[in-house]
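Comments concern the structure below.
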Amino acid sequence: MTSTSYNGLAKVDYTINEKHSINGELFMNSFAGLATQNQVAEYWRTNTQNQSRLGGIHYTWLPSPTVVNEAKMGINHVHQFSGPGDCLSIGQPDYASYLNTGAQSCGFPNIAITGFTGLGCCSSFPKIQGPDWTTEFLDGLSWTKGKHNFKFGGELRRMIYNGGTFS
């Protein structure tokens, strides 16, 4: 498999005082490569390019020895492209004519014989996922009363999906 992957991770933990603390993290990924999945020959590998970004902040507050409040916020961003890998060796793929006419300009040819399972690729290429965004906010309050533990909270999540399979 021919690929490149660049990754970075940062994490910060900070205690403001005995009752307040903040934690944060950020992950960044960039991947480009030729996958070795279900191909008939190396020539027809799938070209995949992916960008991922994840980040979050976690705030903890201890208002009393029996009460803990945790608030969290997170963001997730993904963008991925998949297409026939042999398009890379013949130059920039002409996806515009491929999408408008349905004619296959690259990728393993589709072969159909009556009574048999079809063989081939790329009737569903290119595949584009993203840019997708997920943003979430959570808050939870834990309370201990004698032998009982109570937890209250909620979550708000917004997801935006922008993707498709084109043929």
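The values are calculated or read from the model by the stated rules, or taken from the named source; none is laboratory data. These numbers come from a predicted model, not from an experiment. No Cβ is skipped: glycine too gets one built from the backbone with ideal geometry, and neighbour counts run over all protein chains shown.
Here are some notes:
- The condition of being of a type in the set (S, T, N, Q) and modelled with pLDDT under 75 holds for only one of 124, 142, that being 124.
- Scanning the stretch 131-167 for residues that are over 16 Å from residue 64 (Cβ atoms) and part of a loop (DSSP other than H, G, I, E, B) yields 147, 161, 162, 166, 167.
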